[in-house]
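Colleague: Let me give you the structure first, and then I'll get to my questions.
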Amino acid sequence: MSSTLRPGVLVSLIPIADLVLSEEAVRTSLDEARGGRVLNLDLTGSEALRPFVTAGLVREGRTVVVVTATSREAETLVADLGDLMPTEAVAYYPSWETLPHERLSPRADTVGRRLAALRRLKHPDGAPIQILVTTVRSILQPQVKGLADLEPVWLTPGQSADLDEVVRGLVDAAYTRVDLVEKRGEFAVRGG
């Protein structure tokens with residue numbers, strides 16, 4: 001919840017957020033959003049205002065979905081929000097890098113980030129998402145039903161796990177079983 005101004009010196013942006021959110025037009029809009037009186041809030045302002053208003057809506061008890069035009073805008077907003085609130089309150093739901101007609105699979109890290117966001121939305125486990133940042137493209141892309149219920153594969157050093165269950169879990173999570181791992185998203189089984 002703080003930004004680095006120069007190496008070793010942290011500056012909190014929360015007092016700046018308090019000033020921005022106390023501005024009359026912003027305060028009036030946030031007051032309308034309090035308690036769910038207004039379901040949709042359409043504000044026009046500079047891009048720099050976006051993280052402050054988003055954090056302000058969360059302060060008013062709202063869960064916010066922010067839809068940006070591009071992935072770069074979404075990633076920048078996620079980083080900016082990290083300076084105004086706890087990072088675990090914000091999640092990024094990226095779009096696929098590939099189009100449906102392209103016979104390419106999306107990158108494994110993109111698949112993982114999407115699955116993690118969906119899982120946290122449905123099963124918050126003590127850290128609910130207060131702000132979901134995504135893109136128009138991501139919203140328009142088809143979504144397979146039941147992905148939020150996909151169980152993550154958890155392995156702990158020093159503990160044993162059933163090999164067949166681990167393999168099944170990795171395949172269910174879109175990992176590819178190969179003989180020799182060469183890139184992210186692949187796994188190989190050696191021994192028993």
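Colleague: I'm checking my understanding of the structure. Among residues of segment 101-120 that are of a type in the set (A, V, I, L, M, F, W, C) and surrounded by fewer than 16 Cβ atoms within 10 Å (Cβ to Cβ), which one is nearest to P152 (Cα to Cα)? If you could, list the steps in order and put the result at the bottom.
Modeller: At the first step, the residues of segment 101-120 found to be of a type in the set (A, V, I, L, M, F, W, C) are 104, 108, 111, 115-118.
Filter once more, so that each one left must be surrounded by fewer than 16 Cβ atoms within 10 Å (Cβ to Cβ): 104, 116.
Details: L104: 24, A116: 9 Å.
Among those residues, the one meeting the criterion is A116.
Colleague: For A127, indicate whether it is in contact with a Gly (Cβ under 6 Å, 6 or more places away or on another chain), within 29 Å of R168 (Cα to Cα) and open to solvent by less than 40 Å² (accessible area, probe 1.4 Å). If you could, list the steps in order and put the result at the bottom.
Modeller: Working: in contact with a Gly (Cβ under 6 Å, 6 or more places away or on another chain): no; within 29 Å of R168 (Cα to Cα): yes; open to solvent by less than 40 Å² (accessible area, probe 1.4 Å): yes.
Spelling it out, it is not the case that A127 is in contact with a Gly (Cβ under 6 Å, 6 or more places away or on another chain), within 29 Å of R168 (Cα to Cα) and open to solvent by less than 40 Å² (accessible area, probe 1.4 Å).
Colleague: On to the next question. Can you tell me which residue within segment 163-192, out of those that are exposed (fewer than 11 other Cβ atoms within 10 Å of the Cβ) and modelled with pLDDT of 90 or more, is nearest to L121 (Cα to Cα)?
Modeller: Among residues in segment 163-192 that are exposed (fewer than 11 other Cβ atoms within 10 Å of the Cβ) and modelled with pLDDT of 90 or more, the one nearest to L121 (Cα to Cα) is D164.
Colleague: Shifting gears a bit: Residue by residue through segment 134-145, note down the ones that are of a type outside the set (D, E, K, R) and either open to solvent by 90 Å² or more (accessible area, probe 1.4 Å) or within 15 Å of A117 (Cβ to Cβ) (or both). Write out each step before concluding.
Modeller: Initially, segment 134-145 is screened for residues of a type outside the set (D, E, K, R), giving 134-136, 138-144.
Result: T134, T135, S138, I139, L140, Q141, P142, Q143, V144.
Colleague: Here is a follow-up. Scan segment 36-71 residue by residue and report those that are under 18 Å from the mean Cα position of the chain (by Cα), more than 16 Å from V136 (Cβ to Cβ) and open to solvent by 80 Å² or more (accessible area, probe 1.4 Å).
Modeller: T63
Colleague: Filter segment 136-188 down to residues that are of a type outside the set (A, V, I, L, M, F, W, C), part of a loop (DSSP other than H, G, I, E, B) and in contact with a strand residue (DSSP E or B) (Cβ under 8 Å, 6 or more places away or on another chain), then give me how many there are. Give the steps one after another, and end with the answer.
Modeller: Taking segment 136-188 as the starting set, the residues that turn out to be of a type outside the set (A, V, I, L, M, F, W, C) are 137-138, 141-143, 145-146, 149, 151-152, 156-160, 162, 164-165, 168-169, 172, 175-177, 179, 182-186.
If we keep only those that are part of a loop (DSSP other than H, G, I, E, B) as well, we get 141-143, 145-146, 151-152, 156-160, 162, 175, 179, 182-185.
Keeping just the survivors that are in contact with a strand residue (DSSP E or B) (Cβ under 8 Å, 6 or more places away or on another chain) gives 175, 185.
Result for segment 136-188: 2.
The values are calculated or read from the model by the stated rules, or taken from the named source; none is laboratory data. Treat the numbers as computed from the prediction; the structure is a model and nothing was measured. Backbone-built Cβ (ideal geometry, glycine too); neighbour counts: all protein chains shown. Only protein heavy atoms, including side chains, enter the accessible area calculation; ligands, DNA and RNA are left aside. Shrake-Rupley method; radii C 1.70, N 1.55, O 1.52, S 1.80 Å.
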